[in-house]
Amino acid sequence: MSGSITLSVDRSTAPAVDRSTLLPVAVVVAVAAAVHGAVAMRYGWHPDEFYYVVGGRHLAWGYVDHPPLVPLLARVAALGGLAGLRLLAIAIHLGCIVLAALLAAEFGGRRNAQVITAAAVAASPLFMGAAMFFGTTVVDQLIWIAVLLLVTRALRVGTVPAWLPAGLVAGVGLEAKQTVALLLVGIAVGLALFRREALRTPGPWLAAAVAAALAAPNLVWNAQHGWPSLQFAQAMSVRMGGPLGSLTQVPVLLLLYAGPLLVLLWVVGVGWLSSPAGREYRWILAVPVVALLLCVISGGRSYYAGPALVVLFAAGAVRVEAGNPDRPPRGWAAALVGLFVGSAMFCLPVLPPAAAQTMRKVNPIPLETYGWPQLVTQVAAAASSLPPDVPIFTSNYGEASALTILGPGAGINRPVVSGDGSFAHWGPPAGSADTVLCVGRFPMLKLRQYWSQVSYVRSIWFPGGVRNGESAAKIYLCRGARGSWETMWPRMRHSSGVGY
């Protein structure tokens with residue numbers, strides 16, 4: 001491939017999407033749908049799914065660790081049980097694949113570029129893993145790709161109304177996950193550096209105003225409640241080790257989460273956007289750079305900026321197509337198929353639970369969906385002899401949410417509370433704290449700060465010796481409260497993911 005290859009794109013005309021392109025992209029979508037659908041119900045619920053469904057039962061304009069949209073969607077999807085949640089996650093992931101192909105088309109890419117981009121998103125561990133269960137991450141990915149596509153289109157069309165869809169989607173996205181703000185800052189920097197003429201028109205400002213208006217309810221809720229989202233972000237930054245800890249994650253994102261075999265593709269994409277051929281779209285290169293930089297500075301998780309990799313996949317695919325206009329190089333097809341298979345083994349519950357333990361240290365998420373019915377059954381057995389007004393207090397939101405959702409079916413009809421995440425915001429149960437069944441990964445010394453008598457009941461175990469994060473959970477019967485719920489609750493509260 002020669003560096004002198006350029007692409008001439010007429011910004012006033014629609015991108016090239018024809019029937020010859022639709023079929024191969026549809027094949028990619030169909031394969032992804034089949035694989036995800038085949039294993040969607042393999043293990044069980046993810047703790048975040050329990051949490052979002054419970055959050056949907058406490059509808060509000062905000063929560064401690066996320067905006068309101070995902071709990072609302074979870075509440076609706078859960079009408080179909082776990083299958084409803086998983087189908088929604090898969091549908092959103094398939095939308096990411098299609099929109100990524102359309103982004104490649106906006107860059108001037110034709111059939112080969114669009115198919116390579118679609119396959120890259122389908123095969124990337126970052127995107128495949130997010131679609132394993134319904135949560136904020138998979139929704140966030142769709143929002144990022146949609147906004148990037150719509151802004152690129154608005155710049156091509158050049159009219160003020162063309163910016164309105166981008167503002168609408170961005171505003172809705174901010175009600176799903178606040179990390180959409182990273183995307184918007186990246187876009188603003190890119191336009192200021194490379195497409196300043198666009199900022200002299202009302203379009204981008206209209207989009208920004210619409211996005212801000214849609215995001216306002218969650219901002220007002222945060223302000224009224226002492227900015228819990230910022231407190232949560234700070235707690236997670238401490239857990240990550242601050243900016244230095246975040247910086248160490250960047251190579252993991254770029255080399256592993258993006259897909260080891262896709263490194264060449266995004267590197268080529270950076271080169272194309274930096275070349276004369278990609279000058280029209282160079283502004284978009286600022287998005288992954290700025291988003292990653294903000295993640296590091298704030299001590300956030302590097303994968304928050306991960307959706308921006310789509311622009312590099314699409315740009316790289318356009319460059320590959322420019323050098324091979326008739327068909328993709330043979331190596332690309334083999335690499336993408338190989339990556340898809342490897343990612344499925346790594347990210348999805350393909351293996352039996354006992355065999356999946358070999359990958360747990362690298363990717364613990366699939367096994368986080370295993371064993372929740374067994375945990376609930378064991379807690380139900382421990383609680384069966386207790387009066388119905390004795391509450392259950394758990395160490396994390398996953399345990400509390402699972403007991404709330406699955407507990408009634410196992411005979412648990414008593415208050416379930418936790419000091420973790422939004423459960424802490426919802427407050428303690430009514431009545432006395434004198435006798436409480438505690439479930440989770442509590443340090444014994446911590447429990448003794450609240451109760452004078454702490455008796456070990458049993459440990460949680462799973463069949464076949466399978467181990468995950470809940471394998472260390474224990475059940476304690478605690479008596480003799482050292483205060484009321486109201487006096488102890490402020491000390492019992494802690495941030496999600498940050499234990500006692």
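Values in this text are rule-based calculations from the coordinates and carry no lab data. A quick note: this is a predicted structure, and the numbers were derived from the prediction, not measured. Every residue, glycine as well, gets a Cβ built from its backbone with ideal geometry; the counts of neighbours run over all protein chains shown.
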Task: Label point distance in nm, residue 31-residue 289, each placed 7 Å from Cα along Cα→Cβ - done: 3.4 nm
TODO: First check a/c for the range 237-355, with a ≥ b ≥ c the square roots of the eigenvalues of its C-alpha gyration tensor; if it is under 1.5, answer rounded, and if not, answer prolate when a/b is larger than b/c or oblate otherwise.
DONE: oblate
Open item on the list: Need the full-extension length gain, residue 479 to residue 227, defined as separation in residues times 0.36 nm minus the C-alpha distance. One decimal, nm.
Closed with: 87.3 nm
TODO: Mind checking the full-extension length gain between residue 57 and residue 274? Use 0.36 nm per residue of separation minus the Cα-Cα distance, one decimal, nm.
DONE: 73.3 nm
Task: Near-label residues of the range 157-189 by backbone N, under 19 Å of a point 7 Å along Cα→Cβ of residue 209 - done: 158-172, 188
Task: Cα centroid separation - the range 227-298 against the range 118-159, whole Å - done: 15 Å
- [ ] First select every other residue whose beta carbon is under 15 angstrom from the beta carbon of residue 443; then total the charges, Lys and Arg +1, Asp and Glu -1.
- [x] +4
Task: Protection proxy ranking, peptides 22-28, 308-314, average beta carbon neighbours within 10 Å, highest first - done: 308-314, 22-28
TODO: Towards the positive end of the charge dipole of the chain, with charges on Cβ (+1 Lys, Arg; -1 Asp, Glu), say which of 477, 149, 359 has the farthest Cα.
DONE: 359
- [ ] Convert 4 °C to kelvin, take the viscosity as 1.567 mPa s, use the Kirkwood radius over C-alpha pairs of the range 371-492 as Rh, and evaluate the Stokes-Einstein diffusion coefficient in µm²/s, rounded to a whole number.
- [x] 91 µm²/s
TODO: Please sort through the DSSP H helices of the chain and keep those with an alpha-carbon extent of at least 27 Å along the long axis and a Kyte-Doolittle average not below 1.6.
DONE: 19-39, 81-106
Open item on the list: Multiplying the sequence separation of residue 250 and residue 455 by 0.36 nm and subtracting their Cα-Cα distance, what value in nm do you get?
Closed with: 69.4 nm
- [ ] Work from the charge dipole of the chain (Cβ charges, +1 for Lys and Arg, -1 for Asp and Glu, about the Cα centre) and give the residue of 313, 421, 229 farthest towards its positive end.
- [x] 313
Open item on the list: I'm spelling it out carefully: the read-out is volume of the Cα convex hull per residue in Å³, the candidates are [x] 139; [y] 199; [z] 161, and one was derived from this structure. Which label?
Closed with: [x]
Task: Label-point separation, residue 159 to residue 385 (7 Å along Cα→Cβ), nm - done: 7.5 nm
Task: Highest average packing first - 185-195, 44-54, Cβ atoms within 10 Å - done: 44-54, 185-195
Task: Dipole of the chain, positive direction: furthest Cα of 487, 346, 202, with charges on the beta-carbon - done: 346
Open item on the list: Given the -39500 (n - 2.57) contribution per DSSP H run of 4+ residues, what per-residue ellipticity at 222 nm results for the chain, rounded to the nearest 500 deg cm²/dmol?
Closed with: -18000 deg cm²/dmol
Task: Candidate lysines - alpha carbon under 28 Å from residue 474, same-chain residues fewer than 8 apart omitted - done: 361, 446
Task: Charge dipole magnitude, Cβ of K and R +1, D and E -1 - the range 19-359, Cα centre, debye nearest 20 - done: 480 debye
TODO: Calculate, axis by axis, the spread of Cα positions in the range 370-424 along the three principal axes, and write the results as whole Å, longest axis first.
DONE: 29, 28, 14
TODO: Report the calculated FRET efficiency for residue 430 and residue 41 (r = Cβ-Cβ distance, R0 = 45 Å), to the nearest 0.05.
DONE: 0.75
Open item on the list: Per-residue counts of other Cβ atoms within 10 Å, averaged by peptide: what ranking do you get for 438-446, 478-486, 92-100, highest first?
Closed with: 92-100, 438-446, 478-486
